[in-house]
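The structure appears below as structure tokens.
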Amino acid sequence: MEQLLEQYKKGWSLPRDFYMSRQVLDQEADAIWKHNWLFAGFSCEIPEPGDYFTYAILDQSVIIIRNDDGKIYAHHNSCRHRGSAICIEERGHEDKLKCPYHNWVYDKEGQLRNARLMPDDFDKSQFGLHSVHLTNVAGAIFISLADNPPDFSQESADLAPYLQPYQLEGAKVAYRDRYELEANWKLIGENFRECYHCGPVHIEYCSVVVGANLVENRDTVLQDSMVTWQQQGLASATIENGPEASHYATRYPLRPGMESYTLDGKPAAPLMGRHTQYDSGVVGLINYPNFWMDGVSDYIWAMRITPIDATRSMVDLTWLVDGKAEEGMDYELERLTEFWKITGEQDWHLCENNQKGIRSSKYEPGPMAPSEEDVVNFHTWYLNRMRQGLTKPR
């Protein structure tokens, strides 16, 4: 790792092993995936007490469950008896968490309530599920597998004002999709940090978002839009994604006359939460390493990236709408999802092609264009985390 870090040239793509090596992924697991705060999902995915979902990060599985008082908890998905996974299904509802092996029973808070046939002097209070750190940022759930996770207060403070108008606790999941990509997770992250490729590839995206082709000047549209957003009380001050920052938040304008992320620019669903009008721009949120979100006034599209191995990644997509919206009456699923299905699949193709090319024995790092500055910042964040990982005691 030290040799790889020394090989990196700022403003260029990463050396080949960063995209190919299992050893690098193993070190990333300790330095990033089992240390940083990770986006797990949304609180509206588990609306009722006992609703749960699991999130698997490499070899770690976490249960996220809502308690009877409405509070959300996260636990390691490992029984304290002999380690069996407790929740086998990815999503479900359980009044109690029961191990399928020997029927040890835990409550939603993770306390052991019944350990059948154990001695009378067995102390159940010492064998609760191991908890996972969790924070709920205006309805977006983040977890950290670290014993002592990094401070997340700045990220929470910066992301929350952009999320609050959506009233995510009362939103609903309209659709989910999943892609297993033949691409290193960082290639996906890089792809979503630049629009150098947007003009040639994302015709649909550029037809809706002014300036996405990097040719048009959007300053006048942005200035006019800022006035409207401020009148609506919407967060609009960009949280810059500098070299040291792990997160980013912004609101940017749609093309004049466009009101939503759809192929024709017309709304796809009722207004979400506290939004009072369409064409409130696009909310773009990022938290490294795995959270990307684009939200318009009528729906949210969120992406969760998880590495499978050194050259494969899982991409989970979620579309959210207002909790009162009814499919078939207030929105049509195909219309709601088609814009990002088209745009996303264009990106998946690009990322997999990128990985194929990096497999070449002739691959070597290449220079970034000025418009790829945010990719360079992503690299800086990533490499700093890897350097810090080298100094951690093992």
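The values are calculated or read from the model by the stated rules, or taken from the named source; none is laboratory data. Fair warning: this is a prediction, and the values are worked out from it, not measured in the lab. Here Cβ is always computed from backbone atoms with ideal geometry, including for glycine, and neighbour counts include all displayed protein chains. Ligands, DNA and RNA are stripped out before the accessible areas are found, and what is left, the full protein with its side chains, is counted by its heavy atoms. Shrake-Rupley method; radii C 1.70, N 1.55, O 1.52, S 1.80 Å.
Just a few scattered comments:
- Computed in the context of the full set of protein chains, the accessible area of the chain at 1.4 Å probe radius has 46% of its extent on carbon or sulfur.
- Vicinal HN-Hα couplings computed from phi for the stretch 316-331 (Karplus, 6.51 cos²θ - 1.76 cosθ + 1.60; Hz; Gly/Pro x): 9, 10, 9, 9, 10, 10, 4, x, 8, 6, 10, 4, x, 10, 9, 7
- Looking at the chain, the accessible area is 45 square angstrom per residue; that uses a 1.4 Å probe and ignores ligands, DNA and RNA.
- For the stretch 37-149, the direction-averaged projected area of the alpha-carbon convex hull comes to 7.2 nm².
- HN-Hα J in Hz across the stretch 76-82 - Karplus 6.51, -1.76, 1.60, θ = phi - 60°, x for Gly and Pro: 5, 7, 8, 5, 7, 7, 10
- Rounded to the nearest whole Hz, the Karplus-based 3J(HN,Hα) values (6.51 cos²θ - 1.76 cosθ + 1.60, θ = phi - 60°) of the stretch 9-15 follow the sequence 10, 4, x, 10, 5, 6, x, with x at glycine and proline.
- In terms of overall dimensions, the chain has a Cα radius of gyration and Dmax of 22.0, 75 angstrom.
- The value of relative contact order for the chain, using C-alpha pairs under 8 Å at least six residues apart, is 20 percent.
- Note on the chain: helix-only mean residue ellipticity at 222 nm, from DSSP H runs of 4+ residues weighted -39500 (n - 2.57) and normalised by residue number, equals -7500 deg cm²/dmol.
- Cα gyration tensor shape of the stretch 154-389, rounded if a/c is under 1.5, else prolate or oblate by comparing a/b with b/c: prolate
- Percent RCO, i.e. relative contact order, over the stretch 227-269, from Cα pairs under 8 Å lying at least 6 residues apart: 21
- Among the cysteines of the chain, Cys44, Cys87, Cys206, Cys351 have no other cysteine beta carbon within less than 4.7 Å of their own.
- Shape class for the stretch 206-254: oblate, because the ratio a/c of the largest to smallest gyration tensor axis (alpha-carbon atoms, square roots of eigenvalues) is 1.5 or more and b/c is at least a/b.
- Around the amide H of Gly273, modelled in the peptide plane, lie the amide H atoms of Gly323, all under 5 Å away and 5 or more residues distant in sequence or on another chain.
- With an a/c value of 1.5 or above and a/b not larger than b/c for the gyration tensor axes a ≥ b ≥ c computed over the alpha-carbon atoms, the stretch 350-394 is described as oblate.
- Taking a straight Cα-Cα cut-off under 14 Å and skipping sequence neighbours fewer than 8 places away in the same chain, the aspartates and glutamates within cross-link reach of Lys341 are Asp177, Glu204, Asp294, Asp316.
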